[in-house]
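Engineer: Quick one: the structure is below, questions incoming.
Please treat every number below as a calculation from the coordinates, not as lab data. Model, not experiment: these values are computed from the prediction. All Cβ positions, even for glycine, are placed from backbone atoms using ideal geometry, and neighbour counts span all protein chains on display.
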Amino acid sequence: MRELRVTPIKNGTVVDHIPAGMALKVLKILGIGDGVTSTVTVAMHVPSRAMGWKDILKVEDRELAAREIDKIALVAPTATVNVIRNYNVAEKRRVTLPDRALGILRCGNPNCISNAPREPVESEFIVRSKSPLRVFCRYCDRELEDIAAHIV
Ligand SMILES: [Zn+2]
């Protein structure tokens, strides 16, 4: 089996089975950009038996919070998250789309109460369809278009 051609890491997180082309969105979700302080490896358009093509992301010395994994599910529902400790896979987690997305998306409706600057409420979206992904604001019931662009 020709899998992972990237070198192993000692400690950190490997996000595998990202749909090809979505790795940069996952990077953005994880806040990885100019100021990054850990070693990050991105492999894009890697052959995958299961998916045809996939992206892989490795972040050294960082484990992901549950909320970060929920966010990844919004753009990469097929992803698997492997927690690496001392070169071994300590935990293997498949991302799952929650039925409700709490505090991880911003409503596209400027008049929505969840966007009110004075009485901020935590945003809440209801996932009404997972494939294709369709989410609706709990407060104004507006469907969120371009989900990836509205991740907080
Ligand atoms: Zn709303």
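Engineer: Place +1 on the Cβ of every Lys and Arg and -1 on the Cβ of every Asp and Glu in region 25-151, take the dipole about the Cα centre, and give the residue among Met44, Cys137, Ala65 whose Cα lies farthest towards its positive end.
Structural biologist: Positive-end residue among those listed: Met44.
Engineer: Where in region 45-82 is the amide nitrogen less than 12 Å from a point lying 7 Å along the Cα-to-Cβ axis of Ser38?
Structural biologist: Hits in region 45-82 for Ser38 at 12 Å: 58-65, 82.
Engineer: Using a simple charge model, +1 on the beta-carbon of Lys and Arg, -1 on the beta-carbon of Asp and Glu, nothing else, what dipole does region 100-150 show about its Cα centre, in debye to the nearest 20?
Structural biologist: It comes to approximately 140 debye.
Engineer: Take the Cα atoms of the chain, build their convex hull, and give its volume per residue in Å³.
Structural biologist: So the per-residue Cα hull volume is 120 Å³.
Engineer: For the chain, take the longest principal axis of its alpha carbons; what is the angle in degrees between that and the long axis of helix 66-75, to the nearest 10 within 0 to 90?
Structural biologist: Value to nearest ten degrees: 90.
Engineer: Which percent of the Cα-Cα distances in region 100-150 go past 15 Å?
Structural biologist: Looking at region 100-150, the distances longer than 15 Å represent 36 percent of pairs.
Engineer: With runs of 4+ DSSP H residues as the only contributors, calculate the mean residue ellipticity of the chain at 222 nm using -39,500 (n - 2.57) per run, divided by the residue total and rounded to the nearest 500.
Structural biologist: Estimated from H runs of four or more residues: -3000 deg cm²/dmol.
Engineer: Quick check: pseudo-label points 7 Å beyond the Cα along Cα→Cβ at Thr7 and Arg85, how many nm apart are they?
Structural biologist: Between Thr7 and Arg85, the label points sit 2.4 nm apart.
Engineer: May I ask for the Rg/Rh ratio of region 12-94, computed from Cα atoms with Rh as the Kirkwood radius, given to two decimals?
Structural biologist: With Rg and the Kirkwood Rh in hand, the quotient comes to 0.93.
Engineer: Okay, next question. Going highest first, how would you order 73-84, 96-107, 31-42 by mean Cβ packing within 10 Å?
Structural biologist: With the highest mean Cβ count within 10 Å placed first, the list reads 73-84, 96-107, 31-42.
Engineer: How high is the relative contact order of region 100-150? Use alpha-carbon pairs under 8 Å, at least six apart in sequence, and give a whole percent.
Structural biologist: Value for region 100-150: 35 percent.
Engineer: Region 32-64 to region 78-152: how many Å between their Cα centroids?
Structural biologist: Going from one Cα centre to the other spans 21 Å.
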